[in-house]
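Peer 1: First the structure, which I've put down as structure tokens, then a few questions once you've had a look.
The values are calculated or read from the model by the stated rules, or taken from the named source; none is laboratory data. Here the structure is a predicted model, which is why all the values come from computation and not from measurement. Cβ placement follows ideal geometry from the backbone for every residue including glycine, while neighbour counts extend to all protein chains displayed. Ligands, DNA and RNA are excluded from the accessible area calculation, which covers all protein heavy atoms including side chains. Shrake-Rupley method; radii C 1.70, N 1.55, O 1.52, S 1.80 Å.
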Amino acid sequence: MIRPAASSARIVVLSGAGLSAESGLGTFRDAGGLWARYDLEEVATPQGFARDPALVHDFYNARRANMTASAPNAAHEALARLSRRDGVTLVTQNIDDLLERAGARGVVHMHGDLSRALCHACGARWDAPAVMSPEAPCPDCGAAATRPDVVWFGEMPYRMEEIETALAAADLFVSVGTSGTVYPAAGFAALARAAGARTLELNLDPSGGDFDEVRTGPATQLVPGWVD
Ligand code: BV8
């Protein structure tokens with residue numbers, strides 16, 4: 001398998017909740033995960049937000065506090081080192097900022113960013129306060145229409161054209177800590193393979209997806225072992 005340090009290969013890395021699990025941030029579908037404790041339809045869809053914005057803000061305020069109290073782990077730090085190499089695209093499904101706090105550059109947050117806020121009246125974006133509420137006015141238009149800048153189910157993920165361009169040119173696609181259950185991210189390995197890339201999965205509990213190589217273990221061991 002291509003080793004990043006020893007080549008000028010064009011690499012796309014897709015990460016999921018498993019990348020941040022050892023930093024103490026919950027995954028979604030592991031035992032006791034977020035979707036075991038919250039109804040996805042209520043807290044991660046536009047319809048749920050329209051029904052009960054206070055519940056949704058509570059859900060994301062708790063996750064934002066957990067994110068702020070957590071620290072990047074060795075896997076974030078290894079990907080941060082890799083991101084400084086030409087030809088590397090880090091795409092993450094995660095909404096936490098641990099890759100940036102580890103020093104990673106150019107991270108593509110396809111499902112948004114918990115540390116950012118969005119006004120769904122005027123489209124303004126700004127750094128989210130620690131605690132958001134339905135009454136808080138948008139700093140630009142004043143409307144009480146603010147929400148976390150995250151992509152909910154039924155919403156179009158961000159920067160898809162950029163991601164698809166990187167997948168079409170990739171020599172290697174690496175999936176780190178994701179169950180491969182949510183589209184369109186779950187289809188990226190097949191897109192990369194169709195364009196001729198080799199594919200590698202690094203996962204504690206491999207997803208069963210179609211990869212050329214699968215390595216099993218915690219991200220904090222597998223990712224530095226692969227990057228360095
Ligand atoms: C779209 C952000 C279309 C918010 C997330 C009906 C209506 C509408 C759409 C659909 C529908 N039915 C299906 C769909 C498509 C839908 C979808 O795929 N649904 C699934 C459930 C079937 N997708 C969408 O809706 C997407 N948008 O289709 O738009 C469109 C088209 C045109 C115009 C407009 C719209 C948008 C999906 C984005 C949803 N937002 N997150 C938030 O975070 O709250 S999704 C959420 O789950 C995460 O962001 C993540 O992306 C996703 C997957 O989770 P994982 O990261 O994989 O985590 P999981 O817990 O599942 O797995 C953890 C993994 O880690 C495991 O593999 C485990 O083994 C591993 N692990 C654990 N510990 C470790 C580890 N690995 C290594 N080391 C460890 N220590």
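Peer 1: Express the relative contact order of the stretch 68-150 as a whole percentage, based on alpha carbon pairs under 8 Å and six or more residues apart in sequence.
Peer 2: Result for the stretch 68-150 is 24 percent.
Peer 1: Over the chain, average the accessible area per residue using a 1.4 Å probe and give it in Å², no decimals.
Peer 2: 45 Å²
Peer 1: Still on this structure: So if we plug the beta-carbon distance of Glu161 and Asp30 into 1/(1 + (r/R0)^6) with R0 = 35 Å, what FRET efficiency do we get, rounded to 0.05?
Peer 2: In this case the efficiency is close to 0.65.
Peer 1: What are the ³J(HN,Hα) couplings of the stretch 67-74, residue after residue, when phi is run through the Karplus curve with 6.51, -1.76, 1.60 and θ = phi - 60°? Round to Hz, x for glycine and proline.
Peer 2: 4, 4, 7, 9, 10, x, 10, 4
Peer 1: Would you work out which of Cys138, Trp152, His120 lies farthest towards the positive end of the dipole of the stretch 120-159, given +1 charges on the beta-carbon of Lys and Arg and -1 on that of Asp and Glu, about the Cα centre?
Peer 2: Positive-most Cα among the choices belongs to Trp152.
Peer 1: Quick one: if the Förster radius is 41 Å, what FRET efficiency do Ala62 and Ala124 give, using the C-beta to C-beta distance and rounding to 0.05?
Peer 2: Working: r = 24 Å, r/R0 = 0.59.
Computed FRET efficiency for Ala62 and Ala124: 0.95.
Peer 1: May I pose another question? Take each of the peptides 170-179, 92-101, average the number of other beta-carbon atoms within 10 Å over its residues, and list them starting from the highest.
Peer 2: The densest-packed peptide leads the list: 170-179, 92-101.
Peer 1: Also: What share of Cα pairs, in percent, lie more than 14 angstrom apart in the stretch 100-182?
Peer 2: The answer is 72 percent, as a whole percent.
Peer 1: Given the peptides 150-163, 189-202, arrange them by the average over their residues of other C-beta atoms within 10 Å, most packed first.
Peer 2: 189-202, 150-163
Peer 1: Here's something else I'd like to know. Please report the base-10 log of the normalised intensity I(q)/I(0) for the stretch 140-228, using a Debye sum with one equal scatterer per alpha carbon and no solvent, at each q in 0.12, 0.19, 0.21, 0.24 (1/Å).
Peer 2: Calculated log10 I(q)/I(0) at the listed q: -0.47, -0.93, -1.06, -1.24.
Peer 1: Sort by residue number and report every cysteine in the chain with no other cysteine beta carbon within a distance under 4.7 Å.
Peer 2: none
Peer 1: To continue, here is another question. Please list, in order along the stretch 88-105, the HN-Hα scalar couplings obtained from phi with the Karplus expression 6.51 cos²θ - 1.76 cosθ + 1.60 (θ = phi - 60°), rounded to whole Hz, x for Gly and Pro.
Peer 2: Rounded to whole hertz, the list is 10, 10, 9, 10, 10, 7, 6, 9, 7, 10, 5, 5, 5, 5, 8, x, 5, 10.
Peer 1: For the chain, what log10 I(q)/I(0) values come out of the Debye formula at q = 0.12 1/Å, with one point per alpha carbon and no solvent?
Peer 2: After summing over all Cα pairs, the log10 values are -0.65.
Peer 1: While we're here: Cα atoms only, the stretch 106-146: Rg and Dmax in Å?
Peer 2: Both quantities, over Cα of the stretch 106-146: 10.7, 33 Å.
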